[in-house]
Amino acid sequence: MKNNIIYYIMTYIMFLYPPFIYFLVMINFENMNDRSAWITGVFANIAFVLITTGVLLVLSYKKILPKPEKDERNHFIFGYIGNAAVFLYTYQYMMNIEKLVSVFSLVLILVLAYKFLVSKQISFKEIFISSIIFSAIDYIIIIFSGNTLLSGVASFTAAEMIIYQILFNLAIIYTIVLYVFKLYKNHQWSILRFVLIGFIVICLAMLYIDDTQDEFILTFVILAVFTWLIDIIMRLIRKEFKVYDLAFYARIIMLTVVFVMIKEMDLYRFNNFNLGQMYLLIAIFYVTAFSDIIMNISPHKQRELELNLSVIDYVKWLYKPVVSRYKDVLVVSQNMDIEHDLTKLGRKVIKRQGLEDLQNIDVNAISFVILYSDKPDEIENIVKLFSKLKVCVISPVLLTNPLLKTGFTDFKYFVYSV
């Protein structure tokens with residue numbers, strides 16, 4: 001079976017069509033009014049989506065590509081939803097629907113669509129919770145004042161202002177608690193990073209105690225930036241820089257900005273509505289989304305191993321960098337009635353009973369191999385047969401073999417990586 005990754009690539013490329021078309025329209029049709037621009041954008045966007053779908057269908061009909069299976073079809077439906085959401089976000093002011101849609105509500109729709117169509121679970125929990133909280137605040141402004149984010153100063157009554165400020169401050173407190181927790185749990189710490197935090201804390205403390213000491217504050221700002229750059233350089237030189245380090249820096253910077261804005265906007269008081277408050281929420285939301293996505297897609301995401309993991313949870317944890325929904329998982333077992341649920345490990349789980357049953361397997365379509373066996377000879381033969389793939393061995397007995405590097409048991413099975 002061929003790898004169907006082209007379907008997944010085109011799914012997410014459809015997200016890019018609306019802004020791409022928007023700029024083409026703005027460049028080539030300068031004299032258009034808003035209505036003409038978004039109507040042109042609608043037809044152009046539909047044309048791009050239909051062409052994409054049509055080309056893939058023709059290629060699959062001519063057997064140049066394999067026919068899309070359920071997972072590919074679900075991804076394409078998600079792509080259509082994502083395309084529509086990005087279109088509404090791009091053209092919301094031209095279409096005068098900014099009171100109905102916002103970046104928060106549209107992202108919430110995408111997270112839910114991803115859950116039901118792709119992952120079957122909430123994959124981006126930070127984005128999910130933040131979307132709900134920030135959408136509520138955004139729509140409260142619209143309901144109370146009739147104004148949107150870019151409409152200017154909102155007109156609140158005294159009671160409405162109190163409700164809004166309470167919710168806004170709760171959102172800020174939630175952000176601080178979330179970021180501190182994520183920094184502590186999900187990121188690697190070093191002496192340089194502790195020094196960086198120390199300089200930032202000194203700057204913030206002076207800002208709150210005596211903000212007239214500009215020279216003192218700026219000195220520690222420069223020291224903090226210098227330490228940050230040294231940390232980046234050291235990680236690059238040592239080849240320790242990981243994708244999720246970007247999330248660490250983004251969270252640190254955003255957390256610092258939040259504490260500065262609390263001071264500058266007197267957020268601990270019940271002031272009148274300040275447009276800067278909504279800008280702060282949007283900045284927090286984008287940084288949260290960026291950090292959550294980076295931490296989820298990074299193959300080196302740090303996770304703690306819990307001792308109460310099941311066998312299948314341990315396999316998913318151990319082989320997360322190679323498990324792919326774009327490829328199949330090969331399971332070799334004499335007993336086809338496997339009690340562990342392997343269905344979410346790959347696009348499809350292929351079961352075979354032994355070496356004689358593996359002759360027509362396309363190695364390029366396999367992400368990795370799971371072998372249920374207590375026979376060292378069989379293990380070695382399978383490893384030789386699939387020398388380019390990762391192999392996981394699950395056995396009811398304790399095995400001693402130089403090939404087996406890691407052992408884990410849930411008191412019934414042992415799990416080894418090869």
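What follows draws every value from the coordinates through simple rules; no lab data is involved. Computed from a prediction, not measured in an experiment: that's the story for all the values here. Every residue, glycine among them, receives a Cβ derived from its backbone with ideal geometry; neighbour counts consider all protein chains shown.
Things to note:
- Helix axis angle, 70-91 relative to the chain longest principal axis, alpha carbon, degrees: 10
- Cross-link table Lys320/Lys351; Lys327/Lys351; Lys351/Lys405; Lys320/Lys348; Lys125/Lys182; Lys242/Lys320, entries beyond 18 Å C-alpha to C-alpha: Lys320/Lys351; Lys351/Lys405
- Cβ crowding within 10 Å, taken as a proxy for footprinting-reagent exposure, orders Phe124, Phe290, Phe87 from fewest neighbours to most as Phe290, Phe124, Phe87.
- Modelled FRET efficiency - R0 35 Å, Leu57 with Ala136, Cβ distances, 0.05 increments: 0.30
- From phi via Karplus (6.51, -1.76, 1.60), per-residue ³J(HN,Hα) for the stretch 384-390 in Hz, x at Gly/Pro: 5, 5, 10, 5, 8, 10, 6
- Gaussian network model of the chain, Cα within-10 Å springs - most flexible of Asn381, Asn83, Asn296: Asn381
- The chain, relative contact order [Cα under 8 Å, separation at least 6], %: 12
- C-alpha long axis of helix 275-297 to longest principal axis of the chain, angle in °: 10
- Scalar couplings 3J(HN,Hα) for the stretch 363-379, obtained by applying the Karplus form with A = 6.51, B = -1.76, C = 1.60 to θ = phi - 60°, are 4, 5, 8, 9, 8, 6, 10, 10, 10, 8, 6, 10, 10, x, 4, 5, 4 Hz; x denotes Gly and Pro.
- Across the stretch 229-238, computed HN-Hα scalar couplings (Karplus, 6.51 cos²θ - 1.76 cosθ + 1.60, θ = phi - 60°) run 5, 4, 4, 5, 4, 4, 5, 5, 5, 7 Hz from first to last residue, x flagging Gly and Pro.
- In a reduced charge model with +1 at each Lys and Arg Cβ and -1 at each Asp and Glu Cβ, the chain shows a dipole moment near 1240 debye about its Cα centre.
- FRET efficiency, Leu112 to Arg35 (Cβ-Cβ, R0 35 Å, nearest 0.05): 0.70
- Burial ordering of Leu170, Leu56, Leu280, fewest other beta-carbon atoms within 10 Å first: Leu170, Leu56, Leu280
- Here the chain carries DSSP beta bridges of which approximately 30% are antiparallel, counting only pairs with both residues inside.
- In this structure the amide hydrogen of Ile370, modeled in the peptide plane, comes within under 5 Å of the amide hydrogens of Leu330, Val331, Val332, Cys392, none closer than 5 places in sequence on its chain.
- Taking 18 Å as the cut-off, the amide N atoms of the stretch 234-268 that come nearer than this to a point 7 Å along the Cα-to-beta-carbon line of Gln213 belong to 260, 263-264.
- Exposure proxy ranking for Trp228, Trp317, based on other Cβ atoms within 10 angstrom of each Cβ and starting from the fewest, stands as Trp317, Trp228.
- Gap separating the Cα centres of the stretch 191-255 and the stretch 321-393, nearest whole Å: 47
- Among Pro18, Ile253, Thr227 - extreme Cα towards positive end, dipole of the chain, charges at beta-carbon: Pro18
- Among Phe216, Ile382, Ser145 - extreme Cα towards positive end, dipole of the chain, charges at beta-carbon: Ile382
- The stretch 1-91, relative contact order [Cα under 8 Å, separation at least 6], %: 55
- The angle between the Cα long axis of helix 125-145 and the longest principal axis of the Cα atoms of the chain comes to about 30 degrees, rounded to the nearest 10.
- Efficiency of FRET between Met336 and Thr406 - r from beta-carbon atoms, R0 25 angstrom, step 0.05: 0.45
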